[in-house]
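What follows is a single structure, written as structure tokens, with notes after it.
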Amino acid sequence: MGLDVSKRGSIRAGLGEWVVQRVTAVYMLGYIAASLVWILVSPVATHADWVSLSSGLVFKVTILLFVFSMLAHAWLGMKSVMLDYIKPWRLRFMLTMLLAMILIAVAVWSVLVVGWQ
């Protein structure tokens, strides 16, 4: 009395999203903790200090990883909430597309703000 292929596939349907949620949460928590420690150890007092801190490649990569982790985390969380609580499929579709457009706009904006001079 085994499960057929279609039922077996649905057993693991949410595992990938669950892993992405946890990995992005751990990265964001680690980034926030490291940033707080960095600022407490070497305080940034002037504009020149902020410019020198934010001009390095490591800063740009880690901040963009943080932003994209936050966007992936928000996408998966909001998508799950909408699937669970918004029953009319047309409304759910429209809200999901609105969320996608907002998150894409935030992603483009963050790349423009961080800049790659």
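Points worth noting:
- Any pair with Cβ under 8 angstrom, 6 or more apart, that starts in region 79-98 at a residue that is touching a residue at least 60 places away in the same chain (Cβ under 8 Å) and ends at one that is open to solvent by 60 Å² or more (accessible area, probe 1.4 Å): Ser80/Glu17
- Candidates Ala100, Ala105, Ala48, Ala74: the one that is touching a Leu at 6+ places or on another chain (Cβ under 8 Å) and of a type in the set (Gly, Ala, Ser) is Ala74.
- Of all residues in region 45-70, those that are basic (Lys, Arg) have Cβ atoms under 6 Å from Cβ atoms of residues that are surrounded by 12 or more Cβ atoms within 10 Å (Cβ to Cβ), 6 or more apart or on another chain, in Lys60/Val114.
The values are calculated or read from the model by the stated rules, or taken from the named source; none is laboratory data. Please read all numbers here as calculations on a predicted model, not as lab measurements. In this analysis, Cβ positions are derived from the backbone assuming ideal geometry, glycine residues included, and neighbour counts consider all displayed protein chains. Just the protein is used for accessible areas: all its heavy atoms, side chains included, with ligands, DNA and RNA removed. Shrake-Rupley method; radii C 1.70, N 1.55, O 1.52, S 1.80 Å.
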